[in-house]
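Notes follow once the structure below has been shown.
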Amino acid sequence: MAKLLIFGCFFPGVRRNKGSLYRIWPCVTLRTPESRFRSRPRFSFPHRAALESVRSDTQAPESLSGLTDWNHDMSRRRRVYEGKAKVLYEGPEPGTLIQHFKDDATAFDATKRATIEGKGVLNNRISEFIFTRLNEIGVPTHFIRSLNMREQLIREVEIIPCEVVVRNVAAGSLSKRLGIEEGTMLPRSIIEFYYKNDELHDPMVSEEHITAFGWATPQEIDDMMALALRINDFLTGLFLGVGIRLVDFKVEFGRLYEGDMVRVVLADEISPDCCRLWDIRTNDKLDKDRFRRDMGGLVEAYQEVARRLGVLVENEPKRRGGPTLVK
Ligand code: TMP
Ligand code: ASP
């Protein structure tokens, strides 16, 4: 690995080759001064009682935040951006940010809102697990390391204003728009782009729109599509192994600037907030559709996903080693 790092540092030509670049990427993330903290802290899940009640009207009690800020003085941080479900703070060194997962849930362009205790913790843990696995297989991401139960250290990237949706099974807006019954297997995975603009309700756009209006270059579109399909293949298998069907998901990408190099990396999060996840046997929804469709039981569903992936410790030491195979 040391050889790879030195090779990557001193032979920047290698970096122009996407394959090599992607392969050395996990090493690059380990090169940071934080590398001494690299071993991932294992969290217990101490507030089960709090998670059992899904509240829709109040902020999470600050007693939970005792779990969240044990290694950062939040009052001194500069807030860089606040979105619907996450806050970005300035990171400990240039080029880094802290991504904080809130308990807020929104749907339909934030016309529907709630605060769901424990959602942020679960999404942080699930997303951290997935991004770590993706880094390991050479998919470049903004993720550096976990900080605490709600926060992760990430690389600062320039978000490309296009949401990329990959679909394997008909559901949601595809079913509505094209009249295809929910649950119909698609003949192949379908990629769609949506322009990130709340005022316009994130309209679906074509590659022509994206390049004509300069939101991304043709090369960046190619990179996003190739990465989205690799992510889809990986996640489909990961979830299938734990008895979950990956129906569809949305991802966002960013431009990572390194010297005179720019490359496209996976950003934002991958969690049940931005995926459709159905139990393989019962078709039970284990994702944010439970909130969108007023089904209730959102935290329990997210907990189930976390438990199956092996990231929910909750007094179950045997489950700490990763996903549990469902046969
Ligand atoms: P859709 O069927 O509503 O277009 O959603 C497709 C996927 O994208 C689904 O997994 C949910 C996710 N998604 C988001 O993450 N954010 C959004 O704002 C929307 C509309 C969908
Ligand atoms: N991004 C949507 C919103 O604007 C939420 C969703 O449907 O996922 O609130």
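The values are calculated or read from the model by the stated rules, or taken from the named source; none is laboratory data. These numbers come from a predicted model, not from an experiment. Note: ideal-geometry Cβ built from the backbone for every residue, glycine included; neighbour counts use all protein chains shown. Surface accessibility is based on the protein's heavy atoms, side chains included, excluding ligands, DNA and RNA. Shrake-Rupley method; radii C 1.70, N 1.55, O 1.52, S 1.80 Å.
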For the range 242-257, the count of residues that are more than 16 Å from ligand 2 (Cβ to nearest atom), of a type in the set (D, E, K, R) and closer than 20 Å to Thr282 by Cβ equals 1
So, first residue within 28 Å of Thr106 (Cα to Cα) in the range 201-212, second residue aliphatic (A, V, I, L, M) and part of a helix (DSSP H, G or I), Cβ within less than 8 Å, six or more apart or across chains; the pairs are Glu207/Ile221; Ile210/Ile221
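Hey, among the residues in the range 213-253 that are acidic (Asp, Glu) and farther than 28 Å from Thr106 by Cβ, which one's nearest to ligand 1 (Cβ to nearest atom)? Lay out the reasoning, then the answer.
Step one: filter the range 213-253 for residues acidic (Asp, Glu), giving 220, 222-223, 233, 248, 252.
Among the residues that remain, those that are also farther than 28 Å from Thr106 by Cβ are: 222-223, 233.
Values: Asp222: 21, Asp223: 20, Asp233: 17 Å.
So, considering only residues that are acidic (Asp, Glu) and farther than 28 Å from Thr106 by Cβ, the one nearest to ligand 1 (Cβ to nearest atom) is Asp233.
Within the range 100-123, restricting attention to residues that are within 16 Å of ligand 1 (Cβ to nearest atom) and among the polar types (S, T, N, Q), which residue is nearest to Arg145 (Cα to Cα)? Before the answer, list the steps.
Let us first name the residues in the range 100-123 that are within 16 Å of ligand 1 (Cβ to nearest atom), namely 101-102, 104-114, 116, 119-120, 122-123.
This time we only want the ones that are among the polar types (S, T, N, Q), so: 106, 111, 123.
Numbers: Thr106: 26, Thr111: 33, Asn123: 15 Å.
Selected residue: Asn123.
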- Query: Any chance the range 204-213 includes a residue that's open to solvent by less than 50 Å² (accessible area, probe 1.4 Å) and in contact with a Leu (Cβ under 9 Å, 6 or more places away or on another chain)?
  - Reply: no
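Applying the selection to the range 271-282, what residues are in contact with a strand residue (DSSP E or B) (Cβ under 7 Å, 6 or more places away or on another chain) and within 13 Å of ligand 2 (Cβ to nearest atom)? Before you say what the answer is, go through the steps one by one.
First pass over the range 271-282, keeping only residues in contact with a strand residue (DSSP E or B) (Cβ under 7 Å, 6 or more places away or on another chain): 274-280.
Cys274, Cys275, Arg276, listed by residue number.
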Listed by first then second residue, the pairs whose first member lies in the range 104-115 and is touching a residue at least 60 places away in the same chain (Cβ under 8 Å) and near ligand 2 (Cβ under 7 Å from one of its atoms), whose partner is of a type in the set (Asp, Glu) and not in a loop (DSSP other than H, G, I, E, B), with beta carbons under 8 Å and at least 6 positions apart or on separate chains, are Asp109/Asp198; Ala110/Asp198
Taking first residues from the range 257-282 that are part of a loop (DSSP other than H, G, I, E, B) and second residues anywhere that are at pLDDT below 95 and not hydroxyl-bearing (Ser, Thr, Tyr), the pairs with Cβ under 8 Å that are 6 or more apart or on different chains are Gly259/Pro12; Ile280/Val326
In the range 283-295, anything part of a loop (DSSP other than H, G, I, E, B) and away from ligand 2 (no atom under 11 Å from the Cβ) is listed as Asn283, Asp284, Leu286, Asp294, Met295
